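Notes follow once the structure below has been shown.
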Amino acid sequence: MTMIKKKRHAFPLFIFLILSTFLISSFAAGTTPTDKKKKEALASIDKHKTEIIALSDQIWQLAETALQETQSSKLLADYAEAQGFKVERGVAGLPTAFIATFGQGSPIIGVLGEYDALPGLSQRAQPVKEALQPGAAGHGCGHNLLGAAALSSALAIKELMEAGKLKGTIRFYGTPAEEATGGKVYMVRAGLFNDLDACLTWHPGQKTAVSVDGSQAIVEFIIEFFGRAAHAAGDPWNGRSAVAAMELYTTGLNRMREFVKPTVRMHYSILNGGDVPNVVPAYARLWCWLRDSKGTGVEQLLERARHLAEGAAMMTEVDYRLTVHGGNWETLVNLSGEKLIFNNLIRLGPIKFTQEEQEFAKEIQKSSGVEPKGLDGTVQPWTVPKPDPEGGSTDVGDVSWQVPTISFNATTAPLDTPWHAWPVVACGGMSIGHKGMIYAARVMAATMVDLYENPRNIQAMKEEFEQKRKGVIYKPFIPDGPPIIIKK
Ligand SMILES: [Zn+2]
């Protein structure tokens, strides 16, 4: 996904200031038993910092794409095993998915980690655009940082449990293919989140903030048109063009844009559009993504897309097939949990970047044609959640309908530069990304201490979750069987 750029409605400043003064005493002061445990969790993260950075750098170098993350997932799983977690590999029928568990009994808290890269984004860890390996993949969404930070936070909790300071179970979920088919949806279908009490994750970003706006729902499908080949000049009357049908379909979809809600996003790629001009094309294939702020909206769009395909096929006298191969639900935001994260963000304070790191970021901004404002590591104020999330989807959404799930962003890239692009790769392989990653691990570990220490926190999350989920029957968009990775 899915870094979601947010225009925030500012929370009244005075409330923010009052909150901040309340919470500003750092854990280092160690005034309460919970604070002491948080301090110990942070110490554990510091102790393993070099190893975690090395892991994220190795995953950054490997840059393995969706469901190909064999070595990346092995690196994380091996590390978890070496640290004393019980590791189960290849869960939910996904060879690159795994679960690392420690402890016993309740509460059971899960942490989600991702590690897939994006094709074609290879980039050196430098402020000038240059591929590390031309044509190769790159971590344009910072998932090398995402997985390593999540595991680091789980390890900190494990060490507190081992020392008899926290009770319960900690579970790290190695979740592949976030960028493609959504490994978490398959893990949801396999029931792997059913016994969790709460679930946490984070995402690299250009700002450091709680995630109270959620993400969009999406459905992905393939439309194929089947026509009849003939000589395009010799006997065109014997042919029926699959490409003509596809053109009518996309025309229909584009005409439909005016008559959908402003929250809708529709995009497509043409995968097959005929081979040579002198053959009437017998086959055409289109990859289509439809998004809206809610899964119900997406279902309606899908119905309309079916009608368009049917109409296009009818007009051109060809056959068609529409195959849904995936999708995500919107994220069910849990404000009770987000508040815990927010408190920890405030108490940990901003991510402090060096002058050198700011210069690195400004270089990138200049070459991206945006204002050289550098990096923003400050904690963004609490904002009023928007009713309609914008600009992206994630398979975390599907998890959020199974268990109260919370997330936040930590700064790992310069402001206003393109996401899913080389600036994110460049920063994710050097100290800017490392800093955001370690910070994220600290926030997650501190928040988990709040959950293990105080059952009322989990209770509040569960109550909100049950109330928001009431009457909704979750049904994943994925078809039966294993995931399909769409290729040209
Ligand atoms: Zn992402």
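The values are calculated or read from the model by the stated rules, or taken from the named source; none is laboratory data. Keep in mind it's a predicted model, so treat the numbers as computed, not measured. Cβ coordinates were reconstructed from backbone atoms using ideal geometry, including for glycine residues, and neighbour counts include every protein chain displayed.
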Quiz item: Do we have G90 as on the phi > 0 side of the Ramachandran plot, free of Cβ contacts under 8 Å to residues at least 60 places away in the same chain and among the small types (G, A, S) here?
Solution: yes
Quiz prompt | Filter result for K487 (assigned to a helix (DSSP H, G or I) and either of a type outside the set (A, V, I, L, M, F, W, C) or modelled with pLDDT under 90 (or both)) | solution = no
Quiz prompt | Selection status of S153, of a type in the set (G, A, S) and either crowded, with 23+ Cβ neighbours inside 10 Å or without any contact (Cβ under 8 Å) to a residue 12 or more places away in the chain (or both) | solution = yes
Exercise. Please indicate, with yes or no, whether at least one residue in the stretch 116-126 is more than 21 Å from G436 (Cα to Cα) and either in the same structural domain as G369 (by TED's automatic domain parsing) or within 16 Å of the ligand (Cβ to nearest atom) (or both).
Key: yes
Exercise. Having 3 or more residues that are among the hydrophobic types (A, V, I, L, M, F, W, C) and either surrounded by fewer than 17 Cβ atoms within 10 Å (Cβ to Cβ) or out of contact with any Gly (no Cβ under 7 Å at 6 or more places or on another chain) (or both) is the bar; report the helices (runs of 4 or more DSSP H) wholly within the stretch 285-368 that clear it.
Key: 295-316, 335-348
Practice problem: Name every residue in the stretch 79-113 that is acidic (D, E) and more than 21 Å from N194 (Cβ to Cβ), in order of residue number. | Solution: E81
Quiz item: Based on what the data block shows, is L160 crowded, with 21+ Cβ neighbours inside 10 Å, assigned to a loop (DSSP other than H, G, I, E, B), over 22 Å from the mean Cα position of the chain (by Cα) and not β-branched (V, I, T)?
Solution: no
Quiz item: So A180 fits all but one of (1) at pLDDT below 95; (2) assigned to a helix (DSSP H, G or I); what number is the exception?
Solution: (2)
Quiz prompt | Residue list for the stretch 408-437, filter: β-branched (V, I, T) and buried (at least 24 other Cβ atoms within 10 Å of the Cβ) | solution = T411, T412, V424, V425, I432
Quiz prompt | Boolean, E114 is closer than 22 Å to V399 by Cα, out of contact with any Pro (no Cβ under 7 Å at 6 or more places or on another chain) and not aliphatic (A, V, I, L, M) | solution = yes
Self-check item: Residue ID - farthest from the ligand (Cβ to nearest atom), chosen from residues in the stretch 384-439 that are of a type in the set (V, I, T) and within 29 Å of F477 (Cα to Cα)
Solution: V403
Quiz item: In the stretch 200-235, how many residues are assigned to a loop (DSSP other than H, G, I, E, B), within 16 Å of the chain's Cα centre (by Cα) and away from the ligand (no atom under 16 Å from the Cβ)?
Solution: 1
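Yes/no matrix, rows are residues, columns are (1) within 19 Å of Q402 (Cβ to Cβ); (2) of a type outside the set (A, V, I, L, M, F, W, C):
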position: G103; (1), (2): no, yes
position: G110; (1), (2): yes, yes
position: R124; (1), (2): no, yes
position: G138; (1), (2): no, yes
position: L145; (1), (2): no, no
position: L155; (1), (2): no, no
Quiz item: Of all the helices (runs of 4 or more DSSP H) wholly in the stretch 410-477, which have at least 2 residues that are farther than 30 Å from G369 by Cα?
Solution: 431-453, 455-469
Quiz item: Which members of the stretch 221-275 meet the condition of being among the polar types (S, T, N, Q) and within 14 Å of D319 (Cβ to Cβ)?
Solution: S241
Quiz item: C141 versus (1) in contact with a strand residue (DSSP E or B) (Cβ under 9 Å, 6 or more places away or on another chain); (2) away from the ligand (no atom under 16 Å from the Cβ); (3) farther than 14 Å from D46 by Cα: which is the lone unmet condition?
Solution: (2)
Quiz item: If we scan the stretch 39-51, do we find a residue that is in the same structural domain as A446 (by TED's automatic domain parsing), buried (at least 20 other Cβ atoms within 10 Å of the Cβ) and within 16 Å of the ligand (Cβ to nearest atom)?
Solution: no
